[in-house]
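K.L.:
Structure provided below as structure tokens; questions to follow.
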Amino acid sequence: DQQVKQNSPSLSVQEGRISILNCDYTNSMFDYFLWYKKYPAEGPTFLISISSIKDKNEDGRFTVFLNKSAKHLSLHIVPSQPGDSAVYFCAASAGGGTSYGKLTFGQGTILTVHP
Amino acid sequence: DVKVTQSSRYLVKRTGEKVFLECVQDMDHENMFWYRQDPGLGLRLIYFSYDVKMKEKGDIPEGYSVSREKKERFSLILESASTNQTSMYLCASSFSSGGMDEQYFGPGTRLTVT
């Protein structure tokens, strides 16, 4: 039962254009969402997050949008750079005292940005 | 700057061996996690711990056990390694403040079981 899904295994974009990575979830208890970036042979690094009380959060070139009614979030990278080429994971948390910060991850999307 | 370290980057073990993967964090985090990453499956939670000597099963605990004797250290144990446990193993830690905290990851251990 995949509660967090990234249906696109890969995405290829040209340098300078927008990259849009998508993520869907099924558990309505999720109230905090994160995006992680992972380079080969390294651990994932935190990129950006959004709480369910917001519908948008922006940090430099990265913006995350949350559509709670559709149980969908997306990560926009503008402009895309070759250094953005990595695997991107979407993750979700149900919050609350007993969650202990447990995250549920999607399958990942491989982003390739061509010069 | 948070640092999570893992004892080995690469490990090759034989089927049936007992394998220990060690993880240490230096930020006094309450929560620690062990994941495995496989292509097309993302990161799957094996076990986590929210305090010393406390442990909870994740989504795929079969074939694994864990130990947390000190706050900064979380060990993953493969009692009898099998080839289907060949994977990338990632350790992570986080503060405990109501579930809205990012996890910090170590560099991973690529385990091959032959």
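K.L.:
Share of Cα-Cα pairs in the range B:2-47 beyond 12 Å, in percent?
P.N.:
73
K.L.:
Counting only trypsin sites (Lys or Arg not before Pro) that sit in a DSSP loop (anything but H, G, I, E, B) with at most 12 other Cβ atoms within 10 Å, what is the longest stretch of chain B containing none of them?
P.N.:
Within chain B, the longest run free of exposed trypsin sites (Lys or Arg not before Pro) spans B:54-114.
K.L.:
Among A:LYS38, A:LYS54, A:LYS68, which one moves the most in a GNM of chain A with springs linking Cα atoms closer than 10 Å?
P.N.:
Evaluated over chain A, the most mobile residue of the options is A:LYS54.
K.L.:
May I ask for the net charge around A:SER93, where only other residues with Cβ less than 14 Å from the Cβ of A:SER93 are counted and Lys, Arg are +1 while Asp, Glu are -1?
P.N.:
-2
K.L.:
Only Lys, Arg, Asp and Glu count, each charged at its Cβ (+1, +1, -1, -1), so figure out the dipole size of chain A about its Cα centre, rounded to 20 debye.
P.N.:
120
K.L.:
Counting only protein heavy atoms and rolling a 1.4 Å probe, how much accessible area do A and B lose on contact, total for both sides, in Å² to 100?
P.N.:
2000
K.L.:
For the protein assembly as shown, state what percent of all Cα-Cα pairs lands in each successive 10 Å bin, counting from 0 Å until the bin that includes the largest distance.
P.N.:
Going out from 0 Å in 10 Å bins, the protein assembly as shown shows 8, 33, 36, 19, 4, 0 percent.
K.L.:
Follow-up question, since we're still on this one. What pairs in A:LYS71/B:LYS55; A:LYS56/B:LYS55; A:LYS38/A:LYS102; B:LYS3/B:LYS55; A:LYS56/B:LYS71 have C-alpha atoms more than 29 Å from each other?
P.N.:
Violating the 29 Å Cα-Cα cut-off are A:LYS71/B:LYS55; A:LYS56/B:LYS55; A:LYS56/B:LYS71.
K.L.:
Using a 1.4 Å probe on protein heavy atoms, which residues of the range A:3-49 have at least 30 Å² less accessible area in the complex than alone?
P.N.:
Residues meeting the cut-off: A:TYR32, A:TYR36, A:LYS38, A:ALA41, A:GLY43, A:PRO44, A:PHE46.
K.L.:
Just counting partner chain Cβ atoms within 10 Å, what average do the residues of peptide B:38-49 show around their Cβ?
P.N.:
Across B:38-49, the average partner-chain Cβ count within 10 Å equals 4.
K.L.:
Hey, any idea what the orientation-averaged projected area of the convex hull of chain B's Cα atoms comes to, in nm²? Numbers along the way, then the final one.
P.N.:
Details: hull surface 27.1 nm².
So the mean shadow area of the Cα hull is 6.8 nm².
The values are calculated or read from the model by the stated rules, or taken from the named source; none is laboratory data. Values in this document were obtained by computation on a predicted structure and should not be read as measured data. FYI the Cβ positions are ideal-geometry reconstructions off the backbone, even for glycines, and counts take in every protein chain you see. Side chains included, ligands, DNA and RNA excluded: accessible areas come from the protein's heavy atoms. Shrake-Rupley method; radii C 1.70, N 1.55, O 1.52, S 1.80 Å.
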